[in-house]
Every structure is written in C-alpha cells, then in structure tokens.
1. Kindly establish whether B:Ala99 is part of a helix (DSSP H, G or I) and within 14 Å of chain A (Cβ to nearest Cβ).
2. Give me the pairs, please: first residue somewhere in segment A:100-115 and open to solvent by 80 Å² or more (accessible area, probe 1.4 Å), second residue anywhere and not basic (Lys, Arg), beta-carbon distance under 6 Å, and either six or more positions apart or on two chains.
3. Note down all Cβ pairs under 6 Å where the first residue falls in segment A:66-83 and is at the interface with chain B (Cβ under 7 Å from one of its Cβ atoms), the second is within 12 Å of DNA strand D (Cβ to nearest atom) and of a type in the set (Gly, Ala, Ser), and they're at least six residues apart or on different chains.
4. In segment B:58-87, which residue that is assigned to a helix (DSSP H, G or I) and in contact with a Lys or Arg (Cβ under 7 Å, 6 or more places away or on another chain) is nearest to B:Leu12 (Cα to Cα)?
5. Scan segment B:127-138 and give yes if some residue there is away from every other protein chain (no Cβ under 14 Å) and closer than 30 Å to A:Ala99 by Cα, otherwise no.
6. Output the number of residues of segment A:19-45 satisfying the condition of being open to solvent by 50 Å² or more (accessible area, probe 1.4 Å) and within 13 Å of DNA strand D (Cβ to nearest atom).
7. Using beta carbons and a limit of 8 Å, which pairs, at least six apart or on different chains, have the first residue in segment A:30-47 and within 14 Å of another protein chain (Cβ to nearest Cβ) and over 17 Å from A:Val163 (Cβ atoms) and the second one within 11 Å of DNA strand D (Cβ to nearest atom) and open to solvent by less than 80 Å² (accessible area, probe 1.4 Å)?
8. How many residues does segment A:9-40 contain that are closer than 12 Å to A:Leu56 by Cα and more than 14 Å from DNA strand C (Cβ to nearest atom)?
Number of protein chains: 2
Amino acid sequence: MSTREETPTGNLSTDVAYQSIRAKILSGELGGGEWLRESDLASQLGVSRTPVREALGRLVADGLARHEPNRGVRVEEWTPKDLNEIYDLRVLLESHGTALAALNPATDVIWLEQLASEMSLISEQRHPDFGRLTELNNSFHSTLIESSGNERLKAVVESIVQVPLVRQTFARYNQAELALSMGHHHEMVRAVEAGDPQWAEAVMRAHLRAGWSAMQRFLIASRPKGRAEGRGGPAT
Amino acid sequence: MSTREETPTGNLSTDVAYQSIRAKILSGELGGGEWLRESDLASQLGVSRTPVREALGRLVADGLARHEPNRGVRVEEWTPKDLNEIYDLRVLLESHGTALAALNPATDVIWLEQLASEMSLISEQRHPDFGRLTELNNSFHSTLIESSGNERLKAVVESIVQVPLVRQTFARYNQAELALSMGHHHEMVRAVEAGDPQWAEAVMRAHLRAGWSAMQRFLIASRPKGRAEGRGGPAT
DNA sequence: ATCGCCCGTATTCCATACAATCTTCCCTGA
DNA sequence: TCAGGGAAGATTGTATGGAATACGGGCGAT
C-alpha cells in the first residue's frame, strides 16, 4: 500500500488533485458544463474524496468551475460576453503594468529582447510552433507585469487570463497579424528601454486590442446562432 | 450566463463558518498574523472541522488569510506596500468602471443621486455616523461598478477592496476633505447623467486619489519605524 | 393522457477516525 | 553552560462512513 509515487513538489494529495484536474480543464480534455464527480476523480487519481473536494473548491475560487449546491461542481463555460469582459480588463491592467515596468529601472530589458527575438524567429518559419510561441509570449507578458512591482496586479491578471480561449491567440493570426504582433514585442522593449511609460503603454494596448480583434473574428466565425455581445469591442 | 457566486455556496455549515470567520477578520476582532485553529473554530461554531477547513480555504483564496503547509492558516496582515498596491489598482479599475457606467444609459442616476444626497446630509452633521456613511459609500461605488456592465470588473474590485483598512476612509477625513469627497459624489452623478465618460472617470480618479492621500497620511502618522514604501503614491 | 405523488438511487455534505508532520521541551553529555 | 537528540503533545492532512438532499421513474387519480 505504501508504493505511492513521489510527487514533484510536495506530498500533498490536494495539490496533485488540483494540478491534475486543472490541467484537464485548461487542455480542454474536460469540456465546459461537464460534471466533476468527487468519487470518480478520487478513484481515478488514487486519492480519497477529501483532497478532491478541496481541489474542486480551489478551482471554483479560481473561476474555472462552478458549484451547484447539493448537486456538485461542473466545469465553467465561457460566453462571448465573458471573453470580451476579460479582454477589456486585460487591456486596462496589462497596459498599466507595462507603463509601470517602463518606469522601473530594474526591468530586465535584455531578457525581454531575447524572448521577443526567439518569438520572431519561430514566427518566420514555414510551420511555426504555436505551442512554443504561446509559451514564450506568456513569459514575455509575465515578465512585464512582474516588473511593474505591483504583485496584486500580477495576481489579478493571471487569474483573469487563465481562461483557455484567451491564451491561444497566435493560432488564429494570419501571417500579417503575426508579423504585426512580433513587431509590437520589439517596440515594447524599446519603449521600456527608453523609460517611456506612455509609449510602452500605448504599444501594449495596441498589441492586446489586435489580439482581441482576432479573437472576435474567431468567435463570429464559429458562432452558432446568437450574435456576439459585449460593449467596447476593438474594431467593430 | 456565467455569473460567479461570491459568497453563497448554498451549503449550511460551510457558509456559517465562512461568514462568521470572515466577519471577525473584517471587523478586526481577529488581528493580522493570528492563527486560525481548525478545532477551536469548529467547537466555537458548533460544527465539525470539515466545513471549517472549507471556509478557511475560501478565505485563503480571497486573500484574507494565508496558508502555511502543515502549520495552519493565519490571518493575512497588510503592509503599507500592500495598501498602496490596492489603491493603485482601485484607481485604475474603478475609474474605468465609472467611464463605462457613464456610457451605459441604464445606469440608475436617480438612485446614485439619492445616495450622494443622504451622504451629504450625514456628513454635515456635527457628529457624522461614519458607519452609515461608509455603508452608503460602498453602495455608491458598487452601483457604479455594476453599471459598467462588466461583471468580472465588479468581482475583481470587490476582491481587492475588501481589505479592512481601505474601506474606512471617512473616519480619517477632516472637515474640508469630507466636503470635497461629498462634492465628488455629486459631480460624478452629473457626469454620468451627462453621459460623459471622461468627465466621470476623471472625477472618480480624483475622488480615490484623495482617499489614498488621506490613507497615506494615516499610515505615516501611525508608522512604528520603517518608512512607508510603494511607488506612485498620490502626494509624496 | 397528463399531472401529481411516492420511493429508489445517486451524490453531495458533514462528522469522525486515523496517519503524517511540525513544535516544544526535557534530558543527556561534553 | 550550551548544543544536540529524541520523545510527547498538538495540529494539520487524509480516509471513510453515515445523514441529508436532489433527481428520475413508476404508479395511480382525475
């Protein structure tokens, strides 16, 4: 009975359950609206129901799942309105963070430039590795937000941006949009390097609104019937 | 609709525990750094440890408490840097929300005006009821944020602003500042009524930065030794 | 035929028992 | 006197059983 695999970080069953279920939601393996049954997950993960319950509570707090009293927990599903809300906030928060980063002399401009360059290289290939690209892009944005010096800002952005659909922007870009986005990265580095908060902020705002636009096009294309709602879309 | 429920899970014991402990933290009855022992709380509330544990998990997720592995949960304590981070975000988010509210024709201007008027009345008395004033002020701000139409914006602001020290601004105002603040309320209503987002946003920004300034004065006055840190304070 | 009611089933919710882990403090020895 | 070790106590972390609750199907009445 004591032949349990060692977990990478700690030996807490709750973390195992949390990470595991979370990964399945983010990867799309668990689709929106699906029930998360305590017993099923417990036996499936080889732990008892208690840590699973705790993990589900954290997922609900994260906004990745929804709790229905005496019924259970199901995976949250996101409407176009949700995604527009998220992008609206993201533009506001990330552009502000970028301005602060530009004012911060400790911002690691060299690292940002490296990230931007590697992304450019990948994007110019015939079949870009979008997974790697997304990964590097996340690093780029995280680094900027961290450099703002406001830890809550970082926390809030991460909690908002984790919704699956908003991370994978690149896969929906055409060649011109991809090039534009890469240009934004380099321009942001220059603005931060110059210590110009308004420049940096403006580029970030443009960068994100471009992504928002691509996402909206995607939503409209794959919309079943109703019309995409939400005020303040980028370019209507 | 994907409205995230803030407090009510629909459970019984868990909610009782959550509300009860949360109230004690917000009222200051449970001070920063204090341990939240599961057994103590359980017997004290007349429930078992399980719902208490669940409640503690939610408090940690809310940012009101901190979890130390195998040690327990203790009440979060806030530094001047934390409070400055909070105000920085609050200015950003609430002013944005106010701009959106001004663009929203459904915003209930009459209700806002009633709130502003009642606050004015209270503030002009010789011994203002600061508790009631704070309550009305919270309604005013909540109504504006709700009127933005962005539910996530509302959720984020509420989660950030719940830290005890940021709510009770009025008690630290002198007479002139109080009058100024009341004036802001009325001016915001006029700006929203006029459908002028930039006007409304600007007033909200001024309103909050005035509060920030008062809070900083308070922090400096009651600071034990180290100097208050945090970038971008209102009046340095 | 449809509506309402009862009851069986499935699942959460809470309580409690057990295991793992950290802290404290006493004891020992140089 | 003080450092180190180790056992006892306290507390969290995990497992599991029983109570409460919601859903669905069958049956009967109108």
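1. Taking the combined requirement at face value, the residue satisfies it.
2. As it stands, the answer is A:Leu103/A:Pro197, since those pairs meet every condition given.
3. A:Pro69/B:Gly10
4. Looking at the filtered set, the residue picked out is B:Leu59.
5. yes
6. The qualifying residues number 6.
7. These pairs meet every condition: A:Glu38/A:Val52; A:Glu38/A:Gly72.
8. 5
The values are calculated or read from the model by the stated rules, or taken from the named source; none is laboratory data. No experiment lies behind these values; they were computed from the predicted model shown. A quick note on method: Cβ atoms are made from the backbone with ideal geometry, for glycine too, and the neighbour counts reach across all protein chains shown. The area values use the complete protein model at the heavy-atom level, side chains included, leaving out ligands, DNA and RNA. Shrake-Rupley method; radii C 1.70, N 1.55, O 1.52, S 1.80 Å.
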